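I have placed the structure first, in the form of structure tokens, so that the comments after it can refer back to it.
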Amino acid sequence: DKGEYKHYMLKEIYEQPRVVHAAMEGRLGAERVLEEAFGVTAPAIFDQVRQVQIVACGTSYHAGLIAKYWIEDLAGIPCMVEVASEFRYRKVVLPKGTLFISISQSGETADTLAALREVRDRILASLTICNVPGSSLVRESDLCLMTNAGPEIGVASTKAFTTQLVALLMTTLVLGRRHELTPETEARIVADLKTLPGLLEQVLGLDSAIEKMAEAFAEKQHALFLGRGTLNPVAMEGALKLKEISYIHAEAYAAGELKHGPLALVDKDMPVVTVAPRNEMLDKLKANLQEVRARGGELFVFAGSRQEVQPEEGVQVLELPPMPGILEPIVYTLPLQLLSYHVAVLKGTDVDQPRNLAKSVTVE
Ligand code: F6R
């Protein structure tokens, strides 16, 4: 039931403060992640992990790309990420001690499931981050961590993604404590995670400003999304959301790649969306923004502070609340979901059932 909401997608976007809480509930102690949440056999398996291979499709793949930054940065464990449709059909070299992580809302995506079946005999163990209890991936994986987002009806994935990120961050912590992660850092991140529902609630308060911003996109044919670091996959996810529900051609680039090609596309008809929290990448990102402005590109910046990125002619800035850096990719996803939602509503497309797409891709 959509209740007061016009579309399931909007309802599911607004459920995120509650469901990210559900994704953590019973899994966080005062200072650490409770690893029993992964199953009774999990601790002995985690002890032996030397590298991680993540496989997923679409939005779930973007969650995996963010997890790679976390796993390598915080845990110091090598991590590979690949879309399932490529992974399953090539010869993949898997070093000893590989934990295979599949990420899937439905647990039924044909390529992801086939990838698991293909590697089963060559891995240390399999873990699935999944939203549907009893699904094929849950039944066939050694370990599972349910995302607890509740049924997702809108074809465009929203709450499944943010809860996957919570689950992946908890996974990073249980792996990391066996490697480079100190108890102090773990305790800090656990405390940070507990502030997430409140932060998401605050960002939902920007909805009407984002709705206004959406007007600039309704007549456009193309859009570029830029980000750096963990915000690069967030930009990819923002572009995917825009193309799938509003049918506007959108592409994401790591901001540093701009001058290696895509800058040639930038003119007044190419809006550029940037996710730019205040972090160590911001100075570099600001130089990229200048390059876009100099070519007449209209800029839409989701920023950590207006002091850092000034609104001016052709530059709209939406300020997000201050937040721990680790939560940025989760929190900055929401305004991009809302942006594509409002663009689609303005264009009059079928938001919950985009043309040509199915919720669960159970065939290749
Ligand atoms: C995008 C979207 C798809 C799915 C992809 C994987 O909004 O919903 O890209 O993310 O089909 O589906 P799951 O996560 O069910 O394996």
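When only residues in the stretch 39-56 that are touching a helix residue (DSSP H, G or I) at 6+ places or on another chain (Cβ under 7 Å) and surrounded by fewer than 23 Cβ atoms within 10 Å (Cβ to Cβ) count, which is farthest from N131 (Cα to Cα)? Filtering the stretch 39-56 for residues that are touching a helix residue (DSSP H, G or I) at 6+ places or on another chain (Cβ under 7 Å) and surrounded by fewer than 23 Cβ atoms within 10 Å (Cβ to Cβ), the one farthest from N131 (Cα to Cα) comes out as V49.
Assess whether L263 counts as being over 16 Å from I210 (Cβ atoms) and part of a helix (DSSP H, G or I). Yes; evaluated as a whole, the condition is true for this residue. Scanning the stretch 332-349 for residues being away from the ligand (no atom under 14 Å from the Cβ) and either among the aromatic types (F, W, Y) or loosely packed, with under 15 Cβ neighbours inside 10 Å (or both) gives a total of 2.
Out of the residues in the stretch 17-38 meeting the condition of being touching a helix residue (DSSP H, G or I) at 6+ places or on another chain (Cβ under 6 Å) and over 30 Å from L242 (Cβ atoms), tell me which one is farthest from the ligand (Cβ to nearest atom). Here the residue is E31.
Tallying residues that are touching an Asp or Glu at 6+ places or on another chain (Cβ under 7 Å) and within 30 Å of K6 (Cα to Cα) within the stretch 154-196 yields 7.
I want to confirm something. Restricting to the stretch 136-151 and keeping residues that are in a loop (DSSP other than H, G, I, E, B) and under 21 Å from I45 (Cα atoms), which single residue is farthest from the ligand (Cβ to nearest atom)? Before you say what the answer is, go through the steps one by one.
Of the stretch 136-151, the ones in a loop (DSSP other than H, G, I, E, B) are 141-142, 147-151.
Adding the requirement that they be under 21 Å from I45 (Cα atoms) leaves 141-142, 147.
Numbers: S141: 13, D142: 18, T147: 10 Å.
Out of the qualifying residues, it is D142.
Total residues in the stretch 49-92 satisfying the condition of being near the ligand (Cβ under 10 Å from one of its atoms), more than 27 Å from E186 (Cα to Cα) and among the aliphatic types (A, V, I, L, M): the figure is 2. Of G107, G154, all but one fail to be at pLDDT below 95, within 25 Å of E237 (Cα to Cα), buried (at least 17 other Cβ atoms within 10 Å of the Cβ) and within 15 Å of the ligand (Cβ to nearest atom); the exception is G154. When T163, T185, T172 are checked against the criterion of being touching a helix residue (DSSP H, G or I) at 6+ places or on another chain (Cβ under 6 Å), more than 16 Å from the ligand (Cβ to nearest atom) and at pLDDT 95 or above, a single residue qualifies: T172.
Checking I54, I13 one by one, the residue that is farther than 28 Å from V119 by Cα and under 15 Å from the mean Cα position of the chain (by Cα) is I13 and no other.
The values are calculated or read from the model by the stated rules, or taken from the named source; none is laboratory data. Remember, it's a predicted structure, so these values are computed and weren't measured experimentally. Quick reminder, even Gly has a Cβ in these numbers, built from the backbone with ideal geometry, and neighbours come from all protein chains shown.
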